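So the structure is just underneath, and the comments pick up after that.
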Amino acid sequence: MADREKLTHGALFSGFFQAGIIGFGGVLPFARRLMVEKWGWLTAEEFNDLFSLCQFMPGANIVNMAFAFGARHQGVSGAAAAVTGLLAAPMAIVLVLGAMCGRFGGIPVVQHGLAGLAAAACGLVAATAVKIAWPVVRKKDVLFLQKKAPRPGNQKNSYLPRDLAPAGEAPPVNKSFLLLFFKKEVLASFSLRGMLVTCLAFGLVVIGHVSLPLTMLVLLPFSLVLAWRL
Amino acid sequence: MAPLVQIALLFGKLSLLAVGGVNSTLPAIEREVVDGRHWMTARAFAQIFAIAQSAPGPNMLVVVLVGQKVAGVAGGVVAALAMLLPAGVLVVVASGLWERFRAARWRRVLQAAILPITAGLVLAAAAVLVEAADTSFVLAAVTAAATWANLRTKWHPLWVLAGGTVVGLLVW
């Protein structure tokens, strides 16, 4: 990322502001869409790298991300710009809603609308989770990814499952990926280690109802050994 | 102790305990706020949580509402700052080190180790959300459609959310 041009305070503020103000049901889907798919501030791998660091640190994941991303570009004041941008609108909105103290929350119409909104929002989170997990369960592991292919400006990222769409719609950049997918090598292209650890983390939380910090604590040594040996 | 100081101390402490995201400390927040300090009833806390969920923004907003309930707008701002700053300072330092040792082998091994855990946790977070939100067949269909739309189309997520809201209203 060091070779990338630095974003200004204004860009950091307005970028995170846009992600924050439309971030219904969680900012992650919107932040990833804007930063990776729309503006190309980060590649899918860089986003995963930064996001996983932020998840392993205490605090709200996406706020941590604003802190870290802002600081990388403009130091402490950049972090302040990004975080202020992210939180300005949501905090104002939630304070107003809180002052009205759920006066409208009890009305059935509002509740049904909110139920539909929540259902759609968790669909967005699920899709974003798939996009984050996709490069991880494939064999192009960070350890093997020393030489990065030059990234064409604002092109769609070739790791997105969306690119499995019919070949006619896909830009030529993804040709190799499509070829790979439709050949038998596809099975060999998945990373066993990535899939195993991903499934374990998922299972512990969803099926085992283990808390997030404990899941991380338990899986980290295991995953470290696997990453070290393989 | 002044309420503002109490809010700052409570959320400053919780900030550093919120590993994996603010949601992992929600039970701790509820215990402190409802049972420990009697700032509000369990029902009020559930209501606050619902408000925070329906507003745009990160899910740490629930602490703003707790602060606001106890000490007005100033309480909300203090709660947010206390929840954000300690973790934020830590992550800025950690991210600096993370960049500095980009080429080091231990850094690459550590990264390779935490990436799949992160992927699993994000998938799990989605599953937990789905479990809570999809109380009917129609809502489950909305979630499935929204997932498909976000993966395979270029529709703006706001349209997807608007569609879900409309379906929720129509089915009622």
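The values are calculated or read from the model by the stated rules, or taken from the named source; none is laboratory data. In this text, all values refer to a predicted model and were calculated from it rather than measured experimentally. Every residue, glycine among them, receives a Cβ derived from its backbone with ideal geometry; neighbour counts consider all protein chains shown. For accessibility, only protein heavy atoms count, side chains too; no ligands or nucleic acids. Shrake-Rupley method; radii C 1.70, N 1.55, O 1.52, S 1.80 Å.
With every protein chain kept in the model, how would you rank A:Lys6, B:Lys13 by accessible area, 1.4 Å probe, largest at the top? List each step's numbers first, then the result.
Values: A:Lys6 120, B:Lys13 100 Å².
Order by accessible area, largest first: A:Lys6, B:Lys13.
How large is the dipole of chain B about the Cα centre if only Lys and Arg carry +1 and Asp and Glu carry -1, each at its Cβ, rounded to the nearest 20 debye?
Details: 12 positive and 6 negative charges, 127 e Å.
It comes to approximately 620 debye.
From other protein chains only, count the Cβ atoms within 10 Å of every residue's Cβ in A:12-25, then give the mean. Write down the numbers at each step before the final one.
Details: counts 0, 0, 0, 0, 0, 0, 0, 3, 3, 2, 6, 6, 12, 12.
So the per-residue partner count for this stretch is 3.
Grab the Cα-Cα distance for B:Arg43 and B:Val89, subtract it from 0.36 nm times how many residues apart they are, and report the gain in nm with one decimal. The partial results should precede the final answer.
Values: separation 46, 0.36 × 46 = 16.56 nm, distance 3.39 nm.
Between B:Arg43 and B:Val89, full extension yields 13.2 nm more.
If you take the charge dipole of segment B:3-133 about its Cα centre, with +1 on Lys and Arg Cβ and -1 on Asp and Glu Cβ, which of B:Val73, B:Thr41, B:Pro58 is farthest toward its positive end?
B:Pro58
Rounded to the nearest 100 Å², what's the accessible area chains A and B bury against each other, both chains counted, probe 1.4 Å?
Rounded to the nearest hundred, the buried surface is 8100 Å².
Summing +1 for each Lys or Arg and -1 for each Asp or Glu, what net charge is found among the other residues whose Cβ lies under 14 Å from the Cβ of B:Ala126? Don't skip to the answer; put the middle values down first.
On the way: positive: A:Arg32, A:Lys131; negative: B:Glu131, B:Asp134.
Taking every Cβ under 14 Å from that of B:Ala126, the sum is 0.
Simple spin-label model, 7 Å along Cα-to-Cβ: B:Glu131 to B:Leu17 in nm?
2.2 nm
Cut-off 10 angstrom, C-alpha nodes, Gaussian network model of chain B. Which of B:Ala42, B:Ala124, B:Ala162 fluctuates the most?
B:Ala162
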